[in-house]
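Inspection log for the structure reproduced underneath, given as structure tokens.
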Amino acid sequence: VTITRMEAGAPYVSEINGEDVEDIENGWQHVSDDLDAAAEGDVITVEMNGVSVLPGNVIDNIKGKNITVELDMGNGVIWTINGKNITATTVEDVDLKVDLNTMNIPVEVINKITGEISTMQISLAHDGDFGYKAFMRINLDAANAGYYAQLFHYEEASKVLKYMNQSKIDAAGYVELPFTHASEYTIVIDDVAYQVPGSGGSSAPAATPTPA
């Protein structure tokens, strides 16, 4: 792979449909050009290279199209956005920075839902709706393969955790979870699927042995 123009802290397209890009040029304008030229079904992988803010005018290029952009944030976090999932009339700039293992949600609030089950707190820099659905792919350790990753949003005003969704952790330790807005979240790792209160199951994960 040859980088023909290097700019510190500038993103670049590293792969198109899983194939390495041979002549890489840094900067959002080049990323935007590649997205504009993409065909239906294409997957464009962008190395964020230390940048966290996704310009609205860049992602607007794929709005309404079956084109997927993967944003590699580093630290084992990848955001995936498909143009069909962009709902905003005007796509705004969004800071997609993710801080892992934060401590912004009070422990007593988490324990009301999880008891002693393993959790990871994450903080998203953006405040409010994205204007699109984005999937976060995150590494939760291969030792947790086969367990459920259950996503809860912390509602600061009421100081409660709201269940959002869940997905199984794959063999490599990765899980993909959908987000539409940002703030404070916790991921509960459990071997029992979460049952939404009133759905006929228990209202919280069972007290099972703590995963690795």
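The values are calculated or read from the model by the stated rules, or taken from the named source; none is laboratory data. What you see is a predicted model, and the numbers here were worked out from it, not measured in a lab. Quick reminder, even Gly has a Cβ in these numbers, built from the backbone with ideal geometry, and neighbours come from all protein chains shown. Just the protein is used for accessible areas: all its heavy atoms, side chains included, with ligands, DNA and RNA removed. Shrake-Rupley method; radii C 1.70, N 1.55, O 1.52, S 1.80 Å.
With a 1.4 Å probe and every protein chain left in place, work out the accessible area per residue of segment 86-156 in Å², rounded to a whole number.
Spelled out: the 1.4 Å probe surface of segment 86-156, per residue, equals 48 Å².
If you roll a 1.4 angstrom probe over the protein chains with everything in place, what fraction of the accessible area of the chain belongs to carbon and sulfur, to the nearest %?
Of the solvent-accessible surface of the chain, carbon and sulfur hold 46 percent.
What does the net charge come to around Tyr154 if you take all other residues with beta carbon closer than 12 Å to its beta carbon, with K and R at +1 and D and E at -1?
Neighbour charge sum, excluding Tyr154 itself: 0.
Please report, in whole Å³, the volume per residue of the convex hull around the C-alpha atoms of segment 10-90.
Taking only Cα atoms, segment 10-90 has a hull volume of 88 Å³ per residue.
Over all pairs of distinct alpha carbons, what does the Kirkwood formula give as the hydrodynamic radius of the chain, in Å?
Computed over Cα pairs of the chain, the Kirkwood hydrodynamic radius comes out at 18.3 Å.
Provide the gained length on full extension for the span Asp36 to Asn101, in nm with one decimal, where the gain is 0.36 nm per separating residue minus the Cα-Cα distance.
Computed gain between Asp36 and Asn101 is 19.8 nm.
Would you mind giving the average projected area, over all directions, of the Cα convex hull of segment 133-196 in nm² with one decimal?
With the hull built on Cα positions only, its mean projection is 4.4 nm².
So if I restrict to the alpha-carbon atoms in segment 64-189, what is the Rg, and what is Dmax, the biggest pairwise distance, in Å?
According to the Cα coordinates of segment 64-189, Rg and Dmax are 14.6, 44 Å.
Roughly what would the spin-label model give for Gln29 and Glu108, points 7 Å off Cα along C-beta, in nm?
Result for the modelled spin labels: 5.6 nm.
Under 5 Å between amide hydrogens, which residues at least 5 positions from Thr87 or on another chain qualify, with H placed 1.01 Å from N in the peptide plane?
Tyr132, Lys133
For Val196 and Ala143, compute 0.36 nm times the residue count separating them, minus their Cα-Cα distance, and round to one decimal in nm.
Result: 16.5 nm gained on full extension.
Strictly over 18 Å apart at the Cα level, which of Lys63/Lys133; Lys84/Lys168; Lys112/Lys162; Lys63/Lys84 would you flag in this model?
Lys84/Lys168
How about segment 32-76: which GluC sites (Glu not before Pro) there lie in a loop by DSSP and see at most 14 other Cβ atoms within 10 Å?
Answer in residue order: Glu40.
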